[in-house]
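Novice: There's a structure below that I have some questions on.
No value in this document is a laboratory result; all are computed from the given coordinates. Please read these numbers as outputs of a predicted model, since none were measured by experiment. Positions of Cβ are backbone-derived with ideal geometry, glycine not excepted, and every protein chain shown enters the neighbour counts.
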Amino acid sequence: MCSLSLFPPPLPAGHVTLYESNNELVSATSLDNYQRQDWDPPSLLILKETLKPHNRLENSSKAAFIHHQETLWMRSANAWHDAGLSGLLDEIANSADEGKFPRCMKVGACCSLAILRWVSSFHGSLFPHLTLSSEDMVAEFSQAADWAGCSVRALAWHPHTDKFAVALLDDSVRVHNAKSSTAPTLKHRLQRNVSALAWKPLCASALALACQNCVLVWHVDPSSLSTRPSSGCAQVLSQPGHSPVTSLAWSPSGAILLSASPVDTAMMVWDVAGESCVPLQRVGGGGVTFLSWAPDGSRVLAATPSALFRVWETSMWTCERWPTLTGRCQTGCWSPDGSRLLFSVQGESVIYALSFANTPGELLGQAGDSKSSVIVADLSETTFETSSGETSVGGEIQTLVWDPRGERLAVLLKGNPEKSDSRSIIAVFKTRTSPIFELLPCGFVQGEEGADPHLIHFHPHFEKGALLTVCWCNGRISHIPFYFVSAGVPRPSLGYSPPVPYPSRGSEVSERLLYSELGS
Amino acid sequence: MLSLGHDHWFIRKVVFWRAAASIAWSVLLLPASTAIFVLLSRISVLHPIEWITGSLNILCGSYVIFSIVLQCLVVLIIGFFILEFYTAVPSIPCTRIALIGKVLHPQQFIHSLVHAVMGMLVSWCAAVMIGGRFQFLTTPCIAEESAVASSMCLNEYHLFFLLAGAFMGYSYSLLYVVGNMNYVSFPSIQQYKYLRFKGTLPLVIKHSAVQALYSVRNYCITYFFLGYIPRAWICTTMNLQKDRALHSLDTLTGLLDFSLLYHLWISGTFLLVTWYMTWLLFRIYTSEVYCFPVQSSFSEDAHQCLPKVLSSKQPLILKYLALQDFALLSQNSPSRRQEVFSLSQPGGHPHNWSALSGECLTILNDLTQKLIAYQEAVSSNGRIKPQSLGSDKRPSSSGSSATSLIEEPMSWQTPRVSMGPKTPGSVFLRSSVASPFTPDLGSPFGSPAMKRLTGTLDPSSPWHGSVQSPHVMRRGPKLWTSSLGAETPLNGSPQSGPAPVPSPVAGAQKPSLVSLWIQNRQEQVKNVLAKRVLIMYLFNKLPEASSQALFAESQAHIWALEGLSHLVAASYTEDRFGVVQTTLPDILGTMLTLQEAVDKHFKLPHASSKPARTLSSLVDTSYKTLRFALRASLKTAIYRITTTFGEHLNAVQVSVEHRKRLQQFLEYKE
């Protein structure tokens, strides 16, 4: 098993990781020492002060604007329209004091409200996350380490071109292109609390946004010079009871979009062009928080807020339940050929692996055949001796990302908030998926002093190796290239899988041996 | 339709069995829904034990058993009608008068009549099962005033129930035709039948309950005004008396009876749930994937193989299922893809691939033709072109294939005259739009398809003129493509160049003086009629509907695009003999031409660029958004090919214009 003690010690404070070359991570004291390469994505600094977050509390503006002189029936109708049954009951219970409603109605409304509250609190005790407000829920289940406090909330690279979209604290989304200086800003009335972004594969323009009440799909014309596309370019996909949306996943063939909400036990399969959806409902779990589609399109990971996650198989949409012991599945990522899933569980600091027989779904396929998951890395807290004293590194895993060639695995580790010397850090592993799965330490990636990593993503098609994009909590977005020569595993093009040798059962045993050899 | 293609092997062996299985399941589900209905109909919150034991007693009674048997019969008949009326291509009326015609069609009349009778039967069963005051049509009179004390009186509640059933059956039938519920849509993701049914069941119940509520409201209003007619009629024919002690039901006090309305609503929901469930099961069974073999080792099974089946025109459901299977095999079945790429054993010809790709290209070319014809009709604003231009044009366009490119914009754009506000003269003509507009004069079509079109699409051709129905329009281009489709399987590659145009036949039709005179008269009559507002209203084309009708078959096109693009992408690594490479220029050419035509279509002034918001309900409206789905999947298909092949596409022979377009795709700028 690979553990943090095998890693080279983290850099002393003030040093910044710049790039990897010749199997070593190179660092310097400031970002400016970075030797420019022939291709360079824009490095950005988005300060929190420059953004104006809307102070829109959910019902705060209502009392300020609506003058309460409407007739009772109008108000009731409005309450029914705005907030449904509970809103109507609230309205009746409140306005009965004015003596317009008969007293029995007030009593009835109060009783029904009490019953509703009791039922919902009972339901909430089964699934504690349901008691959170929708904003807290997004912050809780987002892949970003500090969703609520940092200026960048989500980031997504376009799967084919050198552009990426960032969602900012003020609910706007900017699309940055490496080749042009225009950065269109997307704003929409319904675009609130964006928690995830996803570009449609095999398409130049479509960008899906997971918003508080809906999924927005923007069509940003790549040849347009406009900096503020009109909101007519956005499609609104909404379904009652499916909000807030916290995760999105396009199928690698670009045909369908999945969306997940922690309050809805069904995940939605959207036919975006037709704006229609099919709910995939399974009881248990209390919702769906995180989705990740295998790059070969054959399987989907769906995490739930309780100690359970599912792996869906996409040819007949059946699923496998994977109960975990300690907590919910926080994050997960797939190997490029879709045969291996790495995931982490909240409350533990280890990476688990699940492997699947690579039968790219003949019809009537099954989700998988492995019986249990294997621990492949232990990232629990480890103390390093550095020149500036002892630092401890490690802890819970926030995000796992795997580069598209399957050679580098970046892990965002949350620091232990109770310890002052512990900080959140990115640990990078070298990985190999064939002939057998191997995990080797590469090093830690660090930023400027005082800046915690917040979001990490790999560039989907960096030619010279892998390119890790990191959003730091101080608003900086930097790109750290890993230069290496690929071992010659053909990268699967989207939409089909290359012939991959069938992993034999025997290799599982030897793999475990390998971990133990590495770990000792 | 009733006799169509029943002797086809596929209908006999697959569709019938699927229909039978779905009907059998709906029959099996009847006792369960009946039990729930009985429980709900005698609900009493205050005496729960009494309620449950009473209901259980009733359930074992002879009335309920008899009702279930009767309802099995009803479900069988409903299932039979669903089977007879289903279609894979929705028929979309383009004008209001066509919609009225559809509703008043004799076939539809039979449908409504039978459904009304079935509704009456079901509500009789419901009335009998509820029991109490609803049970019998006649009751002994309570009122003492009549001289004959023992005479029977009419039980108006029972009559009210029976008529409500007929009303609901009729409105079900009406909504069935207006909402195109006979259209079997195919799901975007594959799921097991049980899971699909389970997932849709809550929607069925909700939809039925809401629908029943509306029906009850409408029925009560109808009965309030017209209820005395059937009552009087029944009274006189059966020699019954009206009970004067009770409120009659066409008064407000009679109607405001909560228990009556509740029972009416419950039985309406029950009726709709059983029928919708039958309908849902039928759709689920019919749209299930059927796996056709790609090739067979026995020659007697050859007609059941995918290449043969795909090229068959009838029955339509067979073609759709074949295309669905084709799209799925290309996506996730490497072994079956290998069969497609394989060579025939003696001879070494790629028969499978050329038949499959040829058929797909034919389908796609058909659509391109249709789109161009539509655009042309719209851009000339429905006006008939001067005859001379069309007939002069013909020899040049059919004779030479390459040179006509330059002159062809003239031929179809010159007749356009700037239209004043009194364009309604065109309302009777094919695909005119409601508002006058100037067509965009941008780039002329540089496609070979356009050249052919100017040849074939002359105003004297039989399908030009006052054609209202989309069916005729759809048939039009097939006149031309049938020649292409016939020769492609033999050649191995469909020609990208223009097919020979039947020019001598078309050229022979010289307009005579008489026909010109008649045409003028027609114009005048139309002009006079067009001034009447009502006629305008009825005959005006609905632009949204004609756009929908144009793309009504697009599910087939989407599958063809998906299948082709996935196969081409897979051929990059899996095609050992290079069979795909020979057709790659044709595939790219067809897709890019179609892309151009689709882009043009969405630039037409009336075309909406986004689907209208629809609330998700049981009634499938996916046919309304097919054109958006087609646009998206066309783009995705081209991107799939360009992403896979990348720079290698520069070695493929395509025209200059298509090369430019391809470059755009390669740079991700579309």
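Novice: Put +1 on the Cβ of every Lys and Arg and -1 on every Asp and Glu Cβ in region B:13-137; which of B:Phe37, B:Ser55, B:Ala21 then has its Cα farthest towards the positive end of the dipole?
Specialist: With unit charges placed on the Cβ atoms, the residue in question is B:Ala21.
Novice: Still on this structure: Dipole of region A:122-242 (Lys/Arg Cβ +1, Asp/Glu Cβ -1, origin at the Cα centre): which of A:His160, A:Leu190, A:Gly124 lies farthest to the positive side?
Specialist: Ranked along the dipole, the leading option is A:His160.
Novice: Counting only other residues whose beta carbon sits under 13 Å from that of B:Thr583, what net charge do I get with K and R as +1, D and E as -1? Intermediate results must be reported in sequence, preceding the final value.
Specialist: Numbers: positive: none; negative: B:Glu359, B:Asp575, B:Asp586.
Result for the local shell: -3.
Novice: State the percent of C-alpha pairs, over all pairs in region B:109-208, separated by a distance greater than 25 angstrom. List each step's numbers first, then the result.
Specialist: On the way: 2269 of 4950 pairs.
Summing the P(r) of region B:109-208 above 25 Å gives 46 percent of all pairs.
Novice: Shielding by partners for B:567-575, please: the mean number of other protein chain Cβ atoms within 10 Å of each residue's Cβ.
Specialist: Details: counts 1, 0, 6, 4, 1, 3, 7, 3, 0.
The shielding value for this peptide is 3.
Novice: Mind sorting B:Glu667, A:Glu449, A:Glu418 by how few other Cβ atoms lie within 10 Å of their own Cβ, fewest first? Mind showing how you got there, number by number?
Specialist: Working: B:Glu667 15, A:Glu449 11, A:Glu418 6.
Taking fewest neighbouring Cβ atoms as first place, the list is A:Glu418, A:Glu449, B:Glu667.
Novice: Return the average number of partner chain Cβ atoms within 10 angstrom of each residue Cβ along peptide B:267-274. Don't skip to the answer; put the middle values down first.
Specialist: Values: counts 0, 0, 0, 0, 0, 0, 0, 0.
Taking all residues of B:267-274 together, the mean is 0.
Novice: Mind putting a number on the dipole of region B:102-202 about its Cα centre? Charges go on the C-beta only, +1 for Lys and Arg and -1 for Asp and Glu, and I need it in Debye to the nearest 20.
Specialist: On the way: 5 positive and 3 negative charges, 158 e Å.
Using only the charged Cβ atoms, the result is roughly 760 debye.
Novice: I've got another one for you. Evaluate E = 1/(1 + (r/R0)^6) for B:Arg12 and B:Leu76, where r is the Cβ-Cβ distance and R0 equals 22 Å; express this FRET efficiency to the nearest 0.05. List each step's numbers first, then the result.
Specialist: Values: r = 19 Å, r/R0 = 0.87.
Taking R0 as 22 Å, the efficiency between B:Arg12 and B:Leu76 is 0.70.
Novice: Quick one: B:Leu104, A:Leu18, fewest Cβ neighbours within 10 Å first, how do they rank?
Specialist: Numbers: B:Leu104 10, A:Leu18 19.
Lowest count first: B:Leu104, A:Leu18.
Novice: With Cβ to Cβ distances under 13 Å as the rule, what net charge do the other residues near A:Pro240 carry (K, R +1; D, E -1)?
Specialist: Details: positive: B:Lys206; negative: A:Asp264.
Around A:Pro240, the surrounding residues sum to 0.
Novice: Using the beta-carbon distance between B:Leu175 and A:Glu449 and R0 = 60 Å, what value does 1/(1 + (r/R0)^6) give for FRET efficiency, to the nearest 0.05?
Specialist: Numbers: r = 69 Å, r/R0 = 1.14.
Approximately 0.30, to the nearest 0.05.
Novice: Sketch the reach of a paramagnetic label on A:Ser86 as a point 7 Å from Cα along Cα-to-Cβ, and name the residues of region A:118-146 whose backbone nitrogen lies under 12 Å away.
Specialist: A:118-124, A:130-134
Novice: To continue, here is another question. Using the per-residue mean of other Cβ atoms lying within 10 Å as a proxy for protection, in what order, highest first, do the peptides A:237-246, A:110-119 fall? Don't skip to the end; give the middle numbers.
Specialist: Numbers: A:237-246: 20.9, A:110-119: 12.7.
Final packing ranking: A:237-246, A:110-119.
Novice: Here's something else I'd like to know. Quick check on region A:141-258: take the gyration tensor over C-alpha atoms, sort the square-rooted eigenvalues as a ≥ b ≥ c, and tell me if it's rounded (a/c under 1.5), prolate or oblate. Don't skip to the answer; put the middle values down first.
Specialist: Details: a/c = 1.40, a/b = 1.22, b/c = 1.15.
It comes out rounded by the Cα gyration axes.
Novice: Okay, next question. Considering the Cα trace of region A:286-335, what is its radius of gyration and what is Dmax, both in angstroms?
Specialist: Spelled out, the Cα radius of gyration and Dmax of region A:286-335 are 10.5, 31 Å.
Novice: Which value, in debye to the nearest 20, describes the size of the charge dipole of region B:3-125 about its Cα centre when Lys and Arg Cβ atoms bear +1, Asp and Glu Cβ atoms bear -1, and nothing else is charged? Walk me through the numbers before you get to the answer.
Specialist: Values: 6 positive and 3 negative charges, 59 e Å.
Roughly 280 debye, rounded to the nearest 20.
Novice: May I ask which of B:Lys541/B:Lys610; B:Lys102/B:Lys526; A:Lys430/A:Lys464; B:Lys102/B:Lys541 have a Cα-Cα span longer than 18 Å here?
Specialist: Details: B:Lys541/B:Lys610 20 Å; B:Lys102/B:Lys526 23 Å; A:Lys430/A:Lys464 15 Å; B:Lys102/B:Lys541 16 Å.
Correct reply: B:Lys541/B:Lys610; B:Lys102/B:Lys526.
Novice: Dividing the alpha-carbon radius of gyration of region A:115-189 by 2.2 N^0.38 Å (N being the number of residues), what value is obtained?
Specialist: Details: Rg = 17.8 Å, N = 75, 2.2 N^0.38 = 11.3 Å.
Output field value: 1.57.
Novice: First measure r as the distance between the Cβ atoms of A:Ser387 and A:Val119, then evaluate 1/(1 + (r/R0)^6) with R0 = 56 Å and state the FRET efficiency to the nearest 0.05. Could the numbers behind the result be given before it?
Specialist: Working: r = 60 Å, r/R0 = 1.06.
Efficiency, from the Cβ-Cβ distance: 0.40.
Novice: About its Cα centre, how strong a charge dipole does region A:280-341 have in debye, to the nearest 20, once Lys and Arg get +1 and Asp and Glu get -1 at the Cβ?
Specialist: On the way: 6 positive and 4 negative charges, 45 e Å.
Result for region A:280-341 is approximately 220 debye, rounded to the nearest 20.
Novice: Follow-up. Using every pair of alpha-carbon atoms in region B:69-127, split the distances into 5 Å bins beginning at 0 and state the percent of pairs per bin, rounded to integers.
Specialist: With 5 Å bins starting at 0, P(r) equals 4, 16, 20, 21, 16, 11, 8, 4, 1.
Novice: Report the per residue volume, in Å³, of the convex hull enclosing the C-alpha atoms of region B:245-284.
Specialist: Numbers: hull volume 2.9 nm³, N = 40.
Hull volume normalised by residue count: 73 Å³.
Novice: In addition: Of the listed peptides B:313-326, A:379-392, what is their order by residue-averaged count of other C-beta atoms within 10 Å, with the highest listed first?
Specialist: Numbers: B:313-326: 21.1, A:379-392: 14.1.
Top to bottom by mean Cβ count within 10 Å: B:313-326, A:379-392.
Novice: Here is the link list: B:Lys13/B:Lys319; A:Lys179/B:Lys600; B:Lys370/B:Lys600; A:Lys187/A:Lys414. Which ones come out longer than 24 Å on Cα distance?
Specialist: Numbers: B:Lys13/B:Lys319 15 Å; A:Lys179/B:Lys600 29 Å; B:Lys370/B:Lys600 13 Å; A:Lys187/A:Lys414 31 Å.
Pairs exceeding the cut-off: A:Lys179/B:Lys600; A:Lys187/A:Lys414.
Novice: Further question on the same structure: Return a whole-number percent for the relative contact order of region A:172-223, with Cα pairs under 8 Å and 6 or more residues apart as the contact set.
Specialist: Value for region A:172-223: 25 percent.
Novice: Okay, next question. Identify the residues of region B:67-81 with backbone N under 18 Å of a label point that sits 7 angstrom from the Cα of B:Val114 along the Cα-to-Cβ direction, or state none.
Specialist: Zone members listed by number: B:70-81.
Novice: Give me the net charge for the shell around A:Thr314: Cβ to Cβ below 12 angstrom, other residues only, Lys and Arg +1, Asp and Glu -1. Walk me through the intermediate numbers first.
Specialist: On the way: positive: A:Arg299; negative: A:Asp296, A:Glu313.
Computed value for this residue: -1.
Novice: Would you mind getting the Kirkwood hydrodynamic radius of region A:233-382 from its Cα pairs, rounded to one decimal in Å?
Specialist: 15.8
Novice: By average Cβ neighbour count within 10 Å, what is the ranking of B:351-364, B:285-298 from highest down? Each step should come with its number before you reach the end.
Specialist: Values: B:351-364: 23.7, B:285-298: 17.0.
Output ranking for B:351-364, B:285-298: B:351-364, B:285-298.
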